[in-house]
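Below: one structure, written as structure tokens.
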Amino acid sequence: MIKIKNKSKRGNVLMENIVFIILNLIFLTILILFLLKQGGGAIILEQAYAKQIALLIDSAKPGAEIYLNMEKGKKVAEKNNVDFKDVVKINKNIVMVKLSEEGGYEYSFFNDVELDKPYPVDEETYRFKIVRYKDE
């Protein structure tokens, strides 16, 4: 009887190592891309501005005008090709801040107030005016 040794085990070990290395490289690439996107500042600034605007609206009285300096947000929006006029939108009681083409961040406020449409008054400042409480 003739025995033939199977030499394919060596090839399997090598192939398994190559697949393992490729999968690790893909994972690390995705991780680095995610960290670069987070570090760009759009997501963090969107959250901060949305929460800040909502808290200011909650604490304001009817007739109050709020001016918010968004200089950093304007720079990030310009870098991401977003028009500064479209950065802040308020729909009912939800504030949406969008500094990049994809995504955006929404945060709600509790006061039942009617607002003028928010708009930029100059190169880096947004204006919000509380018209009245809706119950009045």
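So is residue 63 in the same structural domain as residue 127 (by TED's automatic domain parsing), modelled with pLDDT under 90 and over 22 Å from residue 129 (Cα atoms) or not?
Taking the combined requirement at face value, the residue does not satisfy it.
Restricting the search to region 42-73, which residues are among the hydrophobic types (A, V, I, L, M, F, W, C), part of a helix (DSSP H, G or I) and more than 20 Å from residue 92 (Cβ to Cβ)?
Once the filter is applied, which keeps residues that are among the hydrophobic types (A, V, I, L, M, F, W, C), part of a helix (DSSP H, G or I) and more than 20 Å from residue 92 (Cβ to Cβ), region 42-73 yields 42, 43, 44, 45, 48.
How many residues are surrounded by 16 or more Cβ atoms within 10 Å (Cβ to Cβ), in contact with a strand residue (DSSP E or B) (Cβ under 8 Å, 6 or more places away or on another chain) and not in a strand (DSSP E or B) if we restrict to region 91-116?
Number satisfying all stated conditions: 5.
Quick one: residue 34 ticks every box in (1) in a helix (DSSP H, G or I); (2) modelled with pLDDT of 90 or more; (3) of a type outside the set (Lys, Arg) except a single one, so which number is it?
Of everything listed in (1) in a helix (DSSP H, G or I); (2) modelled with pLDDT of 90 or more; (3) of a type outside the set (Lys, Arg), residue 34 misses just condition (2).
Take the conditions touching a strand residue (DSSP E or B) at 6+ places or on another chain (Cβ under 8 Å), β-branched (Val, Ile, Thr) and at pLDDT below 90 and apply them to residue 43. Does it pass?
yes
Tally time: how many residues in region 93-116 are charged (D, E, K, R) and modelled with pLDDT under 85?
Result for region 93-116: 4.
Got a sec? Which of 76, 88 is surrounded by 15 or more Cβ atoms within 10 Å (Cβ to Cβ), at pLDDT below 90 and under 18 Å from the mean Cα position of the chain (by Cα)?
Testing whether each residue is surrounded by 15 or more Cβ atoms within 10 Å (Cβ to Cβ), at pLDDT below 90 and under 18 Å from the mean Cα position of the chain (by Cα) leaves just 76.
The values are calculated or read from the model by the stated rules, or taken from the named source; none is laboratory data. The shown structure was predicted, so the numbers you read here are calculated from the model rather than taken from an experiment. As a convention, Cβ positions derive from the backbone with ideal geometry for all residues, glycine included, and neighbour counts pool all protein chains shown.
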